[in-house]
Amino acid sequence: MFYLTAITLGLALGALCLGIFISLRIFNFPDITADGSYTLGGVITAIGLVAGWGIVETLILATVAGMIAGTATGLIHTRMKLNSLLSGILVMTGLYSVNLAILGRSNVPVPFDSASVFNYLQPFAERTYNELLTLLIIFALLVVFLTWLLKTDFGLSMRASGNNPNMARGFGVNANFIKVIGLAIANGFIAISGFLVVQLQGFADINMGVGIVILGLGAVIIGESLMNILGWTKMWIRIGGVIIGSVVFRLIISLVLSAGVDPIWIKLLTAVVVLVIVGIPGLIPSIGKRIKLE
């Protein structure tokens, strides 16, 4: 059950990883806004559920709030010509105060009997199994949606703007506008992740997003490394691989914790795991040649 809970949390963080995939892989934009927009989605969810809002209204508001945060980062970057990292850091810093103002205090618990997206499907007696099933359905829908989006004319414009903005402009694409919309979509996904995690853990915390972008980055790289090793290059498989990477990342952390590592080292452990994973793509070619020769 310990590892099943880790898989469930990994799936809940899958939307975060999809958002980072959009910003990092489509636009080559290291978006630090994720730390703030993830928390924003979570605090809006907690306050909404405590106030008795319906789950659909809460989801829409959390997603729209995340999209507004992404739009702010995009506009600062494209209009004011600030560096991508600095743009994200400025918005993330501002969102800390916004999130604290919405939350009212550092931590807000969600009532056990409040509305939840996990209450709709309950074929199993064990709650964790029901949560897992719900998350699998949610992310199947998200993968289908994102795959479809990236194959539309707008999605192709996103990919072109990220790969070569000058070429995209030559074909009449407003690269700056596309980037702003793309970052809005990415942070909307990230806010959805906060929406899901708060319902899973039963509370929202002002510091719940600290360092979350590192986790998302590690998950994206794990997923892409696995897909490259297996030789699977189709878009929907790459997108699904990002969520698999999120689950694998959480399992790695859980495995180390279950081995008796003190939880105070969890942040250092996360950084080391990501560092090792980042080095995998550079090591794979040599490893592949070595295996082939042997």
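The values are calculated or read from the model by the stated rules, or taken from the named source; none is laboratory data. Here the structure is a predicted model, which is why all the values come from computation and not from measurement. FYI the Cβ positions are ideal-geometry reconstructions off the backbone, even for glycines, and counts take in every protein chain you see.
Of all residues in the stretch 69-84, those satisfying the criterion of being surrounded by 15 or more Cβ atoms within 10 Å (Cβ to Cβ), out of contact with any Asp or Glu (no Cβ under 8 Å at 6 or more places or on another chain) and of a type outside the set (S, T, Y) are A69, A72, G74, L75, I76, H77, L82. For the stretch 15-60, the set of residues classified as of a type in the set (D, E, K, R) and more than 12 Å from the chain's Cα centre (by Cα) consists of R25, E57, listed by residue number.
Listed here are the helices (runs of 4 or more DSSP H) enclosed by the stretch 126-229 that have at least 1 residues being among the acidic types (D, E) and surrounded by fewer than 22 Cβ atoms within 10 Å (Cβ to Cβ): 153-163. In summary, no helices (runs of 4 or more DSSP H) completely within the stretch 1-63 bear 1 or more residues that are without any contact (Cβ under 8 Å) to a residue 12 or more places away in the chain. Taken as a whole, the stretch 181-190 holds at least one residue that is within 24 Å of I252 (Cα to Cα) and either of a type outside the set (F, W, Y) or within 18 Å of the chain's Cα centre (by Cα) (or both). The condition (being touching a residue at least 12 places away in the same chain (Cβ under 8 Å), touching a Leu at 6+ places or on another chain (Cβ under 9 Å) and within 28 Å of K81 (Cβ to Cβ)) is satisfied by just one residue among A160, A115, A191: A191. Could you tell me which of the residues T63, T78 is among the β-branched types (V, I, T) and under 16 Å from the mean Cα position of the chain (by Cα)? None of the other options fit; the residue is T63.
A12 meets each of the listed conditions (1) under 30 Å from N164 (Cβ atoms); (2) of a type outside the set (D, E); (3) surrounded by 22 or more Cβ atoms within 10 Å (Cβ to Cβ); (4) modelled with pLDDT under 95 apart from (1).
Checked across the stretch 20-41, the condition of being within 29 Å of I239 (Cβ to Cβ) and among the acidic types (D, E) holds for at least one residue.
Examine the stretch 139-153 for a residue that is within 21 Å of L85 (Cα to Cα) and modelled with pLDDT of 90 or more, and state whether such a residue exists. No, that holds for no residue.
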